[in-house]
Amino acid sequence: MKDSSANDSNLLVIVIDTNPFEWEHASSPLRLNDALQHILAFMNAHLAGRHDNKLAVIASHVGVSSFLYPKLNEVDQPGSKQQTRKNANVYQNFQVVNDAVLTGIAKLLQDPRPTLEEKDLGSSKIAASLSLGLCYINQALKSDGMGHIKPRILVLTVSPDSSSDYIPIMNCIFSAQKANIPIDVCKIWGEDAVFLQQAAHITEGIYIRLDDPHGLLQILMFSFLPDVFSRNYLCLPGQDQVDFRAACFCHKKIVDIGYVCSVCLSTSIATSSKTWRQGHCSESKLIKTQHSNTNGNMN
Amino acid sequence: MATNGRRQIDEDDEDIIDVDDSSLQNNQANYAWEEEYKRSWDVLQEDEHGSLAGVVNSLQQKAKRKRLLRDTDPIRRGIIRHLFIVIDLSSAMQEKDLRPSRLSLTFTYLEAFIAEFFDQNPISQIGLVGTKDGLAEKLTELSGNPTEHIRALKLKKFQESYGEPSLQNALELARSSLIHVPAHGSREILVIMGSLTTTDPGNIHDTIAKLTQDNIRASVIALAAEVQVLKFLSTQTKGTFGVAMNEGHYRDLLFEVIPPTAVTTTKAASNLVMMGFPSRSNESAATLCACHGKLTLGGYICPRCNAKLCDIPTECDICTLTLVSSPLLARSYHHLFPVENFIEVSWKDAGSTTACFSCQKSFLSPHKTSIQIQATTDAGRYQCKLCEKTFCADCDLFIHDVLHNCPGCLSQPRPKTDPRRAVHNGAGTPSHAPVVPSPLSGGPSRMILG
């Protein structure tokens, strides 16, 4: 962040939450199609910002996560442009991106859904998308010897947090923080996404929960379009309160002062909590037995 | 071959250049610590165009992957660590065999080491001990605050080096602090020794016996040569020993200490540690912080004594409660549950994949690559055993070293074959997830590890 300059090209990785259960929900204030119009306009604005600005779009769907742009096998191939019919009135790059994203999402939605366990429903694969995005950025930074690419990630989400994704998301956050990649989060509607709120806070990105989803484009343009360099000079919305407290394992209560097991790092309100002791002990026992097994094998 | 050519010239000018290459070849292991060192250029074979690029690439990839293949079993590790770093500050550290000098290189590396150490071991503590002129001096006390150590390393007065080091004094000093450490934390000493000698007030073997008895693990990095007493120290205390051959190797040796080691004794009990989870507050008017006594606008409020502190993790300056945040605890999880090693895909199975799953980089097609090149190189594809997705070498490295997530496994519907997941489903799972206000059917903070 410190050594960014005005001449850097920006690599923006956009993660779009395409979870149909949320988008097509009766109470959803905005249709996916309408939202996509806003998002495509934003993508084009990003590409128009500089001639060497780069873009990657990842769909975070229910059960799967995949690249929408650039598509597999079409990286840096000028031939991919010819697949789409040319429209003389549209800047080529815009059309390629728009077509790729629209067809990609249509394909995702048409695919017969893989059999899903119940707990998979209702949440999208944000952790997987972030992992894909980070790998893509890692490769892009590697191939750019000059260090002129400034990457950032933007997550557009509607789904609630999936608690099973906690550790993968945390791992993503820490690798992003290490590489100085800000993760911006735009929660289009619904409750605050706690994990992603932490992601934005830790990586010094922006977290915004929209008051009115119909103003999506405006928020995207004004808050998320500025690159890492210009953000130094702008006053962007910050977060006043981020919850970093842990939850007690047995009571599910948020604790201020807790007891942490030195082996498995589980937290509890009190040392005497019986249920937690049992659960926690089985955890430590598990790790211990596996450890003694490996020892036995080595000897 | 370029290297051959150069060696030829060297032999022609043998009067001028007195490094006798041929004798090196006859007696490869001149020194004990060089035994593992192979003359890698002897195994190089040119391909049909007389180019070495392909072979060199595959050698580089092999070297990269060598560091990757590690134990992925979920074993118990000492997550809460207490490490003393003993730095030799004797006149031997002024030698310039490591550029720019042993001392300044050590300080540069240590700064990076400390940052990385706390990144991977967020609830651990480090202390620094320097030894010179026959004495040992504590540069910093055991503390979990990286900035404090880095500041101490930058102080001019600690960077002066003269006299002889005293290994025994330094070890005793570190031991005296480490024996007060509670049993759930590991006790470790890392000795960085440039000198070949040590001036000790008593018998060093007594100290080594005491270290073994107190369950302190001592690892040694020697900068000059293998010294018997240092090696003995590390083997007795189950530590590691290494001699730095060059700058890069020195760095590798140092950074090997960072991942938490498996707990070898069953004695180490699982204790409960009291920790505070402060919440961050923003204030409209500046108040004094407890740690620096400065006026600040925001900070973390200690839940026990309500003191305001600038940063976590730390110990509360007022009530000494350990203050952490839930993400910090989560940061240690990847040590407990690492990503499975990927397997290499051979050229004959390579046809089915055309691009890396995670970064979209296209692979070399086996149909377009000649047999000769295939014989000397790898296909550059690495496959996850669980999700059967294929990754390139760069992503393989990134996934195992930095990310600790397999993007393939994550972007599938939850696999039922993952043994770790299956095991942890049943057992109690630790939880730091903040309570998620979600309509999910499961309990909000119950989660599945993996």
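The values are calculated or read from the model by the stated rules, or taken from the named source; none is laboratory data. Predicted model, so just to flag it, every value in this text is computed and none were measured. Please note: Cβ atoms are built from the backbone with ideal geometry, for glycine as well, and neighbour counts cover all protein chains shown.
Among the listed residues B:Asp206, B:Asp252, which satisfies the condition of being of a type in the set (Asp, Glu), out of contact with any helix residue (DSSP H, G or I) (no Cβ under 8 Å at 6 or more places or on another chain) and over 22 Å from B:Ala92 (Cα atoms)?
Numbers: B:Asp252 fails: over 22 Å from B:Ala92 (Cα atoms).
Answer to the selection: B:Asp206.
Name the residues in segment B:309-321 that are within 12 Å of another protein chain (Cβ to nearest Cβ) and either part of a strand (DSSP E or B) or touching a residue at least 60 places away in the same chain (Cβ under 8 Å) (or both), would you? Steps first, please.
Narrowing segment B:309-321 to residues within 12 Å of another protein chain (Cβ to nearest Cβ): B:312-313, B:316, B:319, B:321.
Once the filter is applied, which keeps residues that are within 12 Å of another protein chain (Cβ to nearest Cβ) and either part of a strand (DSSP E or B) or touching a residue at least 60 places away in the same chain (Cβ under 8 Å) (or both), segment B:309-321 yields only B:Pro313.
Filter segment B:137-164 down to the residues that are in contact with a strand residue (DSSP E or B) (Cβ under 7 Å, 6 or more places away or on another chain) and either in contact (Cβ under 8 Å) with a residue 40 or more places away in the chain or polar (S, T, N, Q) (or both) and list them by number. Talk me through it step by step, then tell me what you get.
At the first step, the residues of segment B:137-164 found to be in contact with a strand residue (DSSP E or B) (Cβ under 7 Å, 6 or more places away or on another chain) are B:137-145, B:148-149, B:152, B:158, B:161-163.
Of everything in segment B:137-164, those that are in contact with a strand residue (DSSP E or B) (Cβ under 7 Å, 6 or more places away or on another chain) and either in contact (Cβ under 8 Å) with a residue 40 or more places away in the chain or polar (S, T, N, Q) (or both) turn out to be B:Leu139, B:Thr140, B:Leu142, B:Ser143, B:Gly144, B:Asn145, B:Phe158, B:Ser161, B:Tyr162, B:Gly163.
Looking at B:Asn282, B:Asn306, which is the one that is surrounded by fewer than 15 Cβ atoms within 10 Å (Cβ to Cβ), modelled with pLDDT of 85 or more and within 14 Å of chain A (Cβ to nearest Cβ)? Lay out the reasoning, then the answer.
On the way: B:Asn282 fails: modelled with pLDDT of 85 or more.
Result: B:Asn306 is the single residue among B:Asn282, B:Asn306 that is surrounded by fewer than 15 Cβ atoms within 10 Å (Cβ to Cβ), modelled with pLDDT of 85 or more and within 14 Å of chain A (Cβ to nearest Cβ).
I'd like the full set of residues that are more than 7 Å from chain B (Cβ to nearest Cβ) and either more than 12 Å from the chain's Cα centre (by Cα) or outside any helix (DSSP H, G or I) (or both), limited to segment A:169-185.
Passing the criteria: A:Gln177, A:Ala179, A:Asn180, A:Ile181, A:Pro182, A:Ile183, A:Asp184, A:Val185.
I need the full set of residues from segment A:57-68 which are outside any loop (DSSP other than H, G, I, E, B) and surrounded by fewer than 23 Cβ atoms within 10 Å (Cβ to Cβ), in order please. Lay out the reasoning, then the answer.
First pass over segment A:57-68, keeping only residues outside any loop (DSSP other than H, G, I, E, B): A:57-60, A:65-68.
Result: A:Ser66, A:Leu68.
Could you list, in sequence order, all residues of segment A:6-36 that are surrounded by fewer than 20 Cβ atoms within 10 Å (Cβ to Cβ) and in a strand (DSSP E or B)?
Correct list: A:Ser9 only.
Could you say whether any residue in segment B:279-287 is within 24 Å of A:Tyr259 (Cβ to Cβ), in contact with a helix residue (DSSP H, G or I) (Cβ under 9 Å, 6 or more places away or on another chain) and not hydrophobic (A, V, I, L, M, F, W, C)?
The answer is yes, given that some residue of segment B:279-287 is within 24 Å of A:Tyr259 (Cβ to Cβ), in contact with a helix residue (DSSP H, G or I) (Cβ under 9 Å, 6 or more places away or on another chain) and not hydrophobic (A, V, I, L, M, F, W, C).
Restricting to segment A:41-56, name every residue that is crowded, with 18+ Cβ neighbours inside 10 Å, in contact (Cβ under 8 Å) with a residue 60 or more places away in the chain and of a type in the set (A, V, I, L, M).
A:Ala56
Can we say B:Cys310 is of a type outside the set (Val, Ile, Thr), farther than 27 Å from A:Asp165 by Cα and in contact with a Lys or Arg (Cβ under 6 Å, 6 or more places away or on another chain)? Please lay out each step first, then the result.
Numbers: of a type outside the set (Val, Ile, Thr): yes; farther than 27 Å from A:Asp165 by Cα: yes; in contact with a Lys or Arg (Cβ under 6 Å, 6 or more places away or on another chain): no.
In short, no.
State all residues of segment B:182-208 that are under 22 Å from the mean Cα position of the chain (by Cα) and not hydroxyl-bearing (Ser, Thr, Tyr); if no residue qualifies, say none.
Quick first cut of segment B:182-208, residues under 22 Å from the mean Cα position of the chain (by Cα) only: B:184-194.
Matches in segment B:182-208: B:His184, B:Gly185, B:Arg187, B:Glu188, B:Ile189, B:Leu190, B:Val191, B:Ile192, B:Met193, B:Gly194.
Quick one: B:Thr377 ticks every box in (1) crowded, with 19+ Cβ neighbours inside 10 Å; (2) within 14 Å of chain A (Cβ to nearest Cβ); (3) touching a helix residue (DSSP H, G or I) at 6+ places or on another chain (Cβ under 9 Å) bar one, so which box is it?
Among (1) crowded, with 19+ Cβ neighbours inside 10 Å; (2) within 14 Å of chain A (Cβ to nearest Cβ); (3) touching a helix residue (DSSP H, G or I) at 6+ places or on another chain (Cβ under 9 Å), the lone unmet condition for B:Thr377 is (2).
Scan segment B:299-324 for residues that are among the polar types (S, T, N, Q) and farther than 21 Å from B:His149 by Cα and jot them down.
Hit for segment B:299-324 is B:Asn306, nothing else.
Step by step: first the residues of segment A:138-160, then only those that are charged (D, E, K, R) and more than 20 Å from A:Ile219 (Cβ to Cβ), then the one that is surrounded by the fewest Cβ atoms within 10 Å (Cβ to Cβ). Which residue is that? Steps first, please.
So the first thing to find is which residues in segment A:138-160 are charged (D, E, K, R), and the list is A:142, A:144, A:150, A:152.
After this cut, where a residue has to be more than 20 Å from A:Ile219 (Cβ to Cβ) as well, the list is A:142, A:144, A:150.
Numbers: A:Lys142: 12, A:Asp144: 14, A:Lys150: 22.
Residue satisfying both the conditions and the ranking: A:Lys142.
For B:Gln120, are the conditions met, namely being touching a residue at least 60 places away in the same chain (Cβ under 8 Å) and either surrounded by fewer than 19 Cβ atoms within 10 Å (Cβ to Cβ) or polar (S, T, N, Q) (or both)?
On the way: touching a residue at least 60 places away in the same chain (Cβ under 8 Å): yes; either surrounded by fewer than 19 Cβ atoms within 10 Å (Cβ to Cβ) or polar (S, T, N, Q) (or both): yes.
So B:Gln120 passes the test.
Residues in segment A:222-254 that are at pLDDT 75 or above and either farther than 21 Å from A:Glu204 by Cβ or touching a strand residue (DSSP E or B) at 6+ places or on another chain (Cβ under 8 Å) (or both): how many? Outline the logic, then answer.
Going residue by residue through segment A:222-254, those that are at pLDDT 75 or above are A:222-237.
Now narrow it down to the ones that are either farther than 21 Å from A:Glu204 by Cβ or touching a strand residue (DSSP E or B) at 6+ places or on another chain (Cβ under 8 Å) (or both): A:223-224, A:227-229, A:237.
Residues in segment A:222-254 being at pLDDT 75 or above and either farther than 21 Å from A:Glu204 by Cβ or touching a strand residue (DSSP E or B) at 6+ places or on another chain (Cβ under 8 Å) (or both): 6 in total.
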